[in-house]
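Q: Got a structure here, written out as C-alpha cells. Questions coming.
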Amino acid sequence: MTLPPIQGQGGQPQDGPPEPGSSGQGGQPHVQDSESPQPQTGFLHAQHGYPQAPYGNPFAAPPVPAQELTEPRRPRTIEMAFWIAMVVPLLVSVLDTVFLHLTNDVVTEGLNAALEQYGVEPVPAQDTDWIYTAVLYAVLVALWIAFGFHLRAGRNWARVTLIVLAAVWLCAELLGGLLAPVAYMALGMPWDLGLPIGMVVLGWLVRALALTGIITFIVLVCRKPSKQYFQETRYFQMAQWHAQAAPWR
C-alpha cells in the first residue's frame, strides 16, 4: 500500500520531514520557547566593571556598604567630655555666683576706697549687683548643656562651638586670675581685697576646678577616638539619607 506524499508549501509534495528552522504556518520561522532571547540586565555595568544596579536600572546609585548603616559606637572620651560639659560649667557658675553674693559688699567698699584717692565718686553697693553676673552665667550654662547633647550625638559643629567657648573661658580664667591681683595692688589695695582666708581659698578652688575642666574637655574632644567618632557619625547619617532616598529614585 503506497502512502500519499506529504504536502509542502503551495501544495507541492515534500519527500521528508521539514528541515530545522524551516517556516511554519504563514511562512514564519518557528522558535522554541526555551530559545527565546532574554534581556541582559546590567550588561553595560558588567562590561565596564561597575556593580550591577538593582532591577536593571543603569542609573541607580550603588548599594550602601553594610558597615555604614550601623550606628557608630560612642567612645569613652565623648562620654567624659559630655559630663564635663554638663557638670563643670554649672558647678563653677553656682559657686561663683555664691562667692560674688557673699563678697559684694566687701569688694565694693575696697574698690570705692581705692578709687576715692583718685577723685572718683564712690558707688554704694547694691544687693542686685550679683544678679547680672548670675544671668550671664545662666545663659552660658544653657549653651553648654544644649551643645553638649549635640556633641554626644556626634555633631561636629557642636564640638567646634564648644571648643571655641572653652578657649574663650580659658583665656578669661587665666587673665582674670593673673591680672586681677596685679590691678588690685596697682590701685593700692591688698591682692586678696581683705577677704577672709576661707573665701580666698574658695575662690582659688573654683578657679582650679574651672581650669582643670576646660583643659580636660579640650583634650578629650580633640583626641583621635573622638575625631573618628564624629567622622563615622557623619558617614552614618549620609548612608541613612541615601537609604531613605533610594526607593524614590
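The values are calculated or read from the model by the stated rules, or taken from the named source; none is laboratory data. A quick note: this is a predicted structure, and the numbers were derived from the prediction, not measured. Note: accessible area is taken over every heavy atom of the protein model, side chains too, but ligands, DNA and RNA are not part of it. Shrake-Rupley method; radii C 1.70, N 1.55, O 1.52, S 1.80 Å.
Q: Given a 1.4 Å probe, how much area per residue of the stretch 96-249 is accessible, in Å²?
A: Counting only protein heavy atoms, the per-residue value for the stretch 96-249 is 63 Å².
Q: Let me ask something else about it. Hey, how much of the P(r) for the stretch 94-247 falls beyond 18 Å, as a percent of Cα pairs?
A: In whole percent, the share of Cα-Cα pairs in the stretch 94-247 beyond 18 Å is 70.
Q: Could you work out how much longer the chain between residue 182 and residue 132 gets when fully extended? Use 0.36 nm per residue separation minus the Cα distance between them, nm to one decimal. Could you put the intermediate results ahead of the total?
A: Working: separation 50, 0.36 × 50 = 18.00 nm, distance 2.47 nm.
So the extension gain works out to 15.5 nm.
Q: Relative to the present Cα-Cα distance, how much length would full extension add between residue 106 and residue 227 at 0.36 nm per residue of separation? Before the final figure, lay out the partial values.
A: Working: separation 121, 0.36 × 121 = 43.56 nm, distance 4.72 nm.
Extra length available between residue 106 and residue 227 comes to 38.8 nm.
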